[in-house]
Amino acid sequence: MDHPQLAAAESGAVTTFYSYRGGAGCTMALARIAAMLAGQGAAGTPVLMVDWDLQAPGLHHYFPAGHDAPGVVELFMACRDQLQRRGGAVPDDGGEALAHAVLAAVDWERCVVRVDQRRPLFLMRAGRFDDGYAGRLAGLDWEALFHACPALFRCFGATLARHFRHVLVDAPHGRSDGAGICTALLPQRLVLLFDANRPGLEAMESLVQRVTAFRLSHDAAPRALMMYPAPARMAADDGVQRARLRHGDPAAGLPGYQPLFERVLSAAYGVADLSLDSYFSEVLLPQSRELAGGEQLAGHRGHCASDAGGGVPAASAGPGAEEGQGDRCSPGRAYEALLAWLEPGHPPWCARSELALLADVAQARMALDGSAARCIQLAYCLFRLGAVQRDSGRDAHALHAFRESAALYAAHAGDAHLDTALARTQMAALLLRRRQWDEARLLLRQAGDARAAALGPEHPEMLAVRAMQAQALAGQGYVTAALARQLEVLDIQLRTLGGNHTDTLDSLAQRAALLLQAGDLEQARQLLEQVLAARTKLSGAQHPAALRVAGALAHTVALLSVQAPPVPPIQPVQPEAVRQPVPAYEAVAAAGAGHPDNVYALRDSKPPQGQPEGSAGCAELS
């Protein structure tokens, strides 16, 4: 077989294309994406297409080569014969060693033919289409093959992935043994082409649940499987109807494919608040008559799939290679959008703006050579990635990116560097959202020390850090200290910015929340009324900031109206008078923020006799 060999360390991925009903353009999508992938890079990327739609094979129409070559049917007939000769019970390991021995014995490479002489594009046909094809297919018992060697199909996919960067499998539609093999056993990635109607969506929901349950129950260590739903046969010229199908229309009984897949994938992957908004804004496979009849790709009529008339846009094709290439609903643009997520294996809930940053991070990691400059470049890329992930609501991923960025900056630029402080501040903001007060306070102290030294105590960034410190103190129950720290911020803002500045109004609203927590409902109400009046005058009653203040005020008034006894203030615990030096962040992370050796592990102690509560000031608690 004439194809490049890839090292095991550069193993590729098996991707299955599946649609529940025929006619969704599954085979055409696979053919076009295969040609696009094979044209990447100067030497191309090795791509293998596998036609497993054995009842209605179609890939050979797009790539007419190897008419007499055996295919999937003949290959697994040979595997069946090998297993029968070897006999015996299934080994305890599920037959993995047996599967590799069988695949080596049957010489699977004889079933692979090259279909493009200018790019490394290969095809494993459904079989040899002679008079005996139907009989050979009918004689294959896929379930018996699985029980004879459960690891056979999984090892088959892994073997192909060691030789090709991408293995694209055209699965049979509907529910069948073949569809189960292609969706549950073979792939690491699964492209689900669906009709955006109730039967089509219910079928896809059921498939995702079955595949997820199978992977979790049959694999000792469940293998990764990333799923990419793709709406198919969408009318490109009816934006109103596309919006109804995407977001749903309860009056018409349309569930909406975006909310359905957000719910289904969230349950499958355990990702809370998963959003596919960016993904589905880009990925849309429109209804197209192009190549719908299985015509040869033009490039293969002339041994080059990148011909402008072939409908397979290659990297070398000019902007005019396909009519409407810039249109989101044009076929070429649609497949390129899907590849932005599919080719690198990024999950569909990554925002489009995140994809380029993920590539930058990967490139920066590859360029690491131990020098400080390379490490700081990676820290910069990670910080930008964390900012995008934070803005898209993916707090856990953003926290991970900021954490690594802060560690790199601290190690190679120093704790006092402003970039280190900025990364730690972003970490602390996310930790406050997650109510992880101890670690947030430690980071804010470290960031505050660095910013105060570099920017001065009244710089807006320093005031933002102090406001966050007040929030952390309140979260831990030190409300009096939080009010004192917040008052420091407010005094500076009133003096330097004035009472109607948006930053000052934000601080007044924060103070009202602290007063509410302390049980001073009346003063909280007065402050909120003041803030609401200023916000309304400044930006209108319907501005989001004004609406938030109005909601807080309504809540406070409701608490006052029930005339419930005020909540007693939570008495803060005084720290020890003498603090230990601030430890390195790595030591705190290893020992935990609550470790007695860490400065932020506040030990219980009573105030000295005659000293009023809170007189030690915020400095001892920040």
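Okay, here's what the table says:
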{"read-out": "Positions within segment 338-374 being outside any helix (DSSP H, G or I), over 13 Å from the mean Cα position of the chain (by Cα) and at pLDDT 90 or above, in sequence order", "value": "Glu343, Ala367, Leu368, Asp369, Ser371"}
{"read-out": "Top-ranked residue in segment 200-213 [being open to solvent by 80 Å² or more (accessible area, probe 1.4 Å) and in contact (Cβ under 8 Å) with a residue 12 or more places away in the chain; ranked as nearest to Gln258 (Cα to Cα)]", "value": "Gln209"}
{"read-out": "Subset of segment 241-261 that is in a helix (DSSP H, G or I) and surrounded by 18 or more Cβ atoms within 10 Å (Cβ to Cβ) - its residue that is nearest to the chain's Cα centre (by Cα)", "value": "Phe261"}
{"read-out": "Matching residues, segment 262-284, being surrounded by 15 or more Cβ atoms within 10 Å (Cβ to Cβ), touching a residue at least 60 places away in the same chain (Cβ under 8 Å) and assigned to a loop (DSSP other than H, G, I, E, B)", "value": "Val271, Leu274, Ser275, Leu276, Val283"}
{"read-out": "Cβ pairs under 6 Å, 6+ apart, first in segment 476-502 and farther than 19 Å from Ala534 by Cα and outside any helix (DSSP H, G or I), second of a type outside the set (Phe, Trp, Tyr) and open to solvent by 20 Å² or more (accessible area, probe 1.4 Å)", "value": "Gly477/Ile570"}
{"read-out": "Sole exception among (1) surrounded by 24 or more Cβ atoms within 10 Å (Cβ to Cβ); (2) within 34 Å of the chain's Cα centre (by Cα); (3) part of a helix (DSSP H, G or I); (4) not aromatic (Phe, Trp, Tyr) for Leu168, by number", "value": "(3)"}
{"read-out": "Pair list, Cβ < 6 Å and 6+ apart or interchain, from segment 102-130 residues that are in contact (Cβ under 8 Å) with a residue 40 or more places away in the chain to residues that are surrounded by fewer than 15 Cβ atoms within 10 Å (Cβ to Cβ) and among the hydrophobic types (A, V, I, L, M, F, W, C)", "value": "Glu109/Met1; Val112/Met1"}
{"read-out": "Test: residue in segment 488-508 that is under 30 Å from Ala410 (Cα atoms), surrounded by 23 or more Cβ atoms within 10 Å (Cβ to Cβ) and more than 37 Å from the chain's Cα centre (by Cα)", "value": "yes"}
{"read-out": "Hits in segment 147-165 - residues which are assigned to a helix (DSSP H, G or I) and within 13 Å of Glu96 (Cβ to Cβ)", "value": "Leu152, Phe153, Arg154, Cys155, Phe156, Gly157, Ala158, Thr159"}
{"read-out": "Unique residue being within 29 Å of Val557 (Cα to Cα) and either open to solvent by 10 Å² or more (accessible area, probe 1.4 Å) or modelled with pLDDT under 95 (or both) when the list is Asp520, Asp449", "value": "Asp520"}
{"read-out": "Enumeration of residues in segment 509-530 that are free of Cβ contacts under 8 Å to residues at least 40 places away in the same chain and under 37 Å from the mean Cα position of the chain (by Cα)", "value": "Arg511, Ala513"}
{"read-out": "Matching entry among Thr420, Thr425 (being within 25 Å of Leu490 (Cα to Cα), open to solvent by less than 60 Å² (accessible area, probe 1.4 Å) and of a type in the set (Ser, Thr, Tyr))", "value": "Thr425"}
{"read-out": "Qualifying residue in segment 214-235 (condition: under 25 Å from Leu339 (Cα atoms), touching a residue at least 40 places away in the same chain (Cβ under 8 Å), out of contact with any Leu (no Cβ under 8 Å at 6 or more places or on another chain) and crowded, with 18+ Cβ neighbours inside 10 Å)", "value": "no"}
{"read-out": "Flag for Thr480 being over 24 Å from Val388 (Cα atoms), β-branched (Val, Ile, Thr) and open to solvent by 50 Å² or more (accessible area, probe 1.4 Å)", "value": "yes"}
{"read-out": "Test for Ala398: is it surrounded by 12 or more Cβ atoms within 10 Å (Cβ to Cβ) and assigned to a helix (DSSP H, G or I)", "value": "yes"}
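The values are calculated or read from the model by the stated rules, or taken from the named source; none is laboratory data. Because the structure is a prediction, the values reported are computed rather than measured. Virtual Cβ from ideal backbone geometry, glycine too; neighbours counted across all protein chains shown. Heavy atoms of the whole protein, side chains included, go into the accessibility calculation; ligands, DNA and RNA do not. Shrake-Rupley method; radii C 1.70, N 1.55, O 1.52, S 1.80 Å.
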